[in-house]
1. Relative contact order, percent, of region 328-394 when contacts are C-alpha pairs under 8 Å separated by at least 6 residues?
2. Exposure proxy check: 109, 361 ranked by fewest other beta carbons within 10 Å?
3. Rounded to the nearest 0.05, what FRET efficiency do residue 157 and residue 243 give with R0 = 22 Å and r taken as the Cβ-Cβ distance? Could you check?
4. Note the full-extension length gain between residue 1 and residue 299 as 0.36 nm times their separation in residues minus their Cα-Cα distance, in nm to one decimal.
5. What number, in percent, do you get for the relative contact order of the chain if the mean sequence gap of Cα pairs under 8 Å and at least 6 apart is divided by its residue count?
6. Divide, for region 247-411, the radius of gyration over alpha carbons by 2.2 N^0.38 Å, where N is the residue count.
7. How do 263, 47 rank when sorted from fewest to most other Cβ atoms within 10 Å of their own Cβ?
8. Please report, in Å, the Rg and the Dmax of the chain, where both are computed over Cα atoms only.
């Protein structure tokens, strides 16, 4: 079993002595308690796996929550000089600032103010930042028409929208991480073969790779392994055709037969907990048709969950259930909640992710597919729907139930899947791959230890 396989046992939970220390933020004390449990011959194997993951999670938390109250306020004031301590305290009380205890003292998420500006126009204006929204939906297309609204209109008028997209991605060790003569392994995402993508071309790879995944790999990558004598980047350029076909849900279309899978639990985050079972039952009570059920679940997520940046997924627990409790999350968290609720309700649902890729913008993004006869597999993008709801654009919110735009690059068609050349150590993201991974012979690297780039080089509508 690889280190990352231990995540399958994360949902087991912590012994109370470790949990108390973790909640208080005494991570050193929690580490000692974990060591005691790991050494005990009475500790079950599954619990040892959970403890192994929790130990590494706690080692990373201080990096994700580095700010004291004073530092968090100073961060906001540097962007918005009129920001006050009283405003900060009110935001914390309203649950709009993420924080944890470290040695009993509140410490705040490093991107809390970025998240606020991303989703609140008034704060963005005060900070003097351009607000694209969580989904980039305010980006203008032709003649000032919002790009996503234009795509939605063209798909309805023409039945589909296609584009050839050329992108570049790279990873590079930070200079302070590089050690001459050390073995380095690097991974970058590649576009995969799926219903919406074809004519995939690898245009350029530097240096020569050790392996390229087949197009049907669940998490497709290009992989390098090198004993480095000098620091340099690993990069890939690729192109592909993306086609978004419009599905009119008012006119049934006949798709593939109902799958016998994508209905199961997938620990530790896709779990049919009592709460999620009860929520799915409450929302779909009396409904028989899968499309009707899925629509109701999509409505719940998009109209209730508020977009927020979150710490790296490595440090998250019970993602779907916590989203249903707290009603905040980013694109992947919303996607996992929708998938889990669908499966609870007997509607097959699955993960898809990669990039949002459009002229002048490229960003990591996650979305979903669900199965509803007689249509077959349909797309749903809960975070784009939530962004549209926040803007009061009901037409766009409903569009992203059943449809997807062509501004995408899919590289992952499975959540929590190994690369076909598995990493030997901890992944920076053990569930998904959108920005790349790196590891040394002795350990996996955290995001703060290597640089990552991604960009759209060309975008041509067809």
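Only the coordinates and a few stated rules stand behind these numbers; no lab work does. Bear in mind the structure is a predicted one, so any value in this text is a computation, not a measurement. Here the Cβ positions follow ideal geometry from the backbone for every residue, glycine too, while neighbour counts run over all protein chains shown.
1. The normalised contact order for region 328-394 reaches 29 percent.
2. By the 10 Å Cβ count, ascending: 361, 109.
3. Computed FRET efficiency for residue 157 and residue 243 comes out at 0.90.
4. 103.3 nm
5. Worked out over the chain, it gives 19 percent.
6. Working: Rg = 14.9 Å, N = 165, 2.2 N^0.38 = 15.3 Å.
The reported ratio for this selection is 0.98.
7. Ordered from fewest to most neighbouring Cβ atoms within 10 Å, 263, 47 come out as 263, 47.
8. 22.3, 69
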